[in-house]
Amino acid sequence: MDFVKLSSRSGPFLLSLVAYCSLLISCINQDSMHSPSPKSETSESPKEISYLAMGDSYTIGEGEKPENTYPKQVVRILEKEGWTFSKTQILAKTGWTSGELLEATIAQGLKEERFDFVSLLIGVNNQYRGQSPEQFQTDLLHLIDLCRLLVNGNTSRIAVLSIPDWGVTPFGQRGPQEINRIAAEIDLFNQIIKRETSKMGIAYLEITESYRGKGGLSAHVVADGLHPNQHIYSDWARALASIIKTGILKDVDKKKPDER
C-alpha cells in the first residue's frame, strides 16, 4: 500500500480525525483531574481505640517522665495521624517478673475488660533473679492467653516485645552479673517469646539487637545507669505504633468486606 498517496487524498479527513481525538483525550484528562482518587481500603482509622500496655520497669518508664514512656509516645504518634484513644491503661511495675504481672492481672480482675490492642514486655526480672526458662514459658503462655481474651481472640491486635539486654548498660557493665551470661540468658528467654508468638500469629517486636548497639550510651540511659530514656523509648514507640495500625486496620478491613 502506498502510504504517501493515501495520505494526500485523505488529508482533510485525517486532520479532522486527529483534531477530534485530541479534543476527546483533553476532556478525559480534565475529567480525571477533577475525579477524587479512590481511598485505600485501610486509609481511615477507627473512631476510637483502647490500648493496654503490660510489663515491668521498661513499660512504666523507670526514671523517666510518664509522658516519655513508650506507651505514651505510641499514643501521641497515632493521635498525630488522626487516631483517637478512648482509654489508655498501663499495668506495669518496676521489678515485676512474669509471674508477678500475672498475679496483678488476676488481682485487678483484668480478664473482665476488653481492649482494641494489647502490648506485652516482660521477662527481664525473671532473668535477673535467676528464674528458669521453663517457669517463664509457663507464665508467658498464661499471659498470652489473657491477651487473646482481652482482644476477643483477634491475635493481630497483640504485640509482644523482646527483652532488652541490660548487660550493655553502665549498671550492667559494673558487674552484678557476668555480661556474657546475661546476654545468653536474655537470648534464651527471647527465643521462647518468639517461638510462642509465632505459633499463634502474634506480632513479635524485636528490640534487643538495636538496644545492644546503643542502650549503653550515656545519652540513652536515665540517672540510674540502667533504664532507657525517652530516646530509646521513641524507637520502640515508632515500631509499635506501626504494628498497632497494621493489626487494627487489618482486623477492621477483614470484618467489613461489604464496606469496600
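The values are calculated or read from the model by the stated rules, or taken from the named source; none is laboratory data. Quick caveat: nothing in here was measured; it's all calculated off a predicted structure. As a convention, Cβ positions derive from the backbone with ideal geometry for all residues, glycine included, and neighbour counts pool all protein chains shown.
Scanning region 70-111 for residues that are under 24 Å from Phe136 (Cα atoms) and among the charged types (D, E, K, R) gives Lys93, Glu100, Glu103, Lys111.
Checking the stated criteria, Asn180 turns out not to satisfy the condition of being in contact with a Lys or Arg (Cβ under 7 Å, 6 or more places away or on another chain) and either in contact (Cβ under 8 Å) with a residue 40 or more places away in the chain or farther than 18 Å from Asp56 by Cβ (or both). Scanning region 209-240 for residues that are closer than 18 Å to Ile60 by Cα, among the hydrophobic types (A, V, I, L, M, F, W, C) and exposed (fewer than 15 other Cβ atoms within 10 Å of the Cβ) turns up just one, Ala223.
Among residues of region 131-146 being assigned to a helix (DSSP H, G or I) and free of Cβ contacts under 8 Å to residues at least 40 places away in the same chain, the one that is surrounded by the fewest Cβ atoms within 10 Å (Cβ to Cβ) is Glu134. Among the residues of region 89-116, the one identified as among the basic types (Lys, Arg), farther than 25 Å from Lys47 by Cβ and assigned to a loop (DSSP other than H, G, I, E, B) is Lys93. Among the candidates Ser86, Ser119, the residue that is in contact (Cβ under 8 Å) with a residue 12 or more places away in the chain, assigned to a strand (DSSP E or B) and surrounded by 18 or more Cβ atoms within 10 Å (Cβ to Cβ) is uniquely Ser119. Scanning region 66-90 for residues being within 18 Å of His227 (Cα to Cα) and hydrophobic (A, V, I, L, M, F, W, C) gives a total of 1. Test Pro164 against the criterion of being surrounded by fewer than 16 Cβ atoms within 10 Å (Cβ to Cβ) and either closer than 28 Å to Lys214 by Cβ or in contact with a strand residue (DSSP E or B) (Cβ under 9 Å, 6 or more places away or on another chain) (or both), and give yes or no. Against the criterion (surrounded by fewer than 16 Cβ atoms within 10 Å (Cβ to Cβ) and either closer than 28 Å to Lys214 by Cβ or in contact with a strand residue (DSSP E or B) (Cβ under 9 Å, 6 or more places away or on another chain) (or both)), Pro164 does not qualify.
One line per residue, one yes/no per condition, for (1) touching a helix residue (DSSP H, G or I) at 6+ places or on another chain (Cβ under 7 Å); (2) over 14 Å from Asn125 (Cα atoms); (3) of a type in the set (Gly, Ala, Ser); (4) in a loop (DSSP other than H, G, I, E, B):
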{"site": "Leu149", "(1), (2), (3), (4)": "yes, yes, no, no"}
{"site": "Gly153", "(1), (2), (3), (4)": "no, yes, yes, yes"}
{"site": "Gly167", "(1), (2), (3), (4)": "yes, no, yes, no"}
{"site": "Gly172", "(1), (2), (3), (4)": "yes, no, yes, no"}
{"site": "Pro176", "(1), (2), (3), (4)": "no, no, no, yes"}
{"site": "Asn180", "(1), (2), (3), (4)": "no, yes, no, no"}
{"site": "Ala183", "(1), (2), (3), (4)": "yes, no, yes, no"}
{"site": "Asn190", "(1), (2), (3), (4)": "yes, no, no, no"}
{"site": "Lys194", "(1), (2), (3), (4)": "no, yes, no, no"}
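Any residue in region 168-189 that is within 18 Å of the chain's Cα centre (by Cα) and not polar (S, T, N, Q)? No: region 168-189 contains no residue that is within 18 Å of the chain's Cα centre (by Cα) and not polar (S, T, N, Q). Residues of region 199-219 that are part of a loop (DSSP other than H, G, I, E, B) and either out of contact with any Pro (no Cβ under 8 Å at 6 or more places or on another chain) or among the acidic types (Asp, Glu) (or both): Gly201, Ile202, Glu206, Leu217.
On the basis of being more than 18 Å from Thr69 (Cα to Cα), at pLDDT 95 or above, of a type outside the set (Val, Ile, Thr) and touching an Asp or Glu at 6+ places or on another chain (Cβ under 8 Å), does Ala203 make the cut? Here the answer is no, as Ala203 does not meet what is asked.
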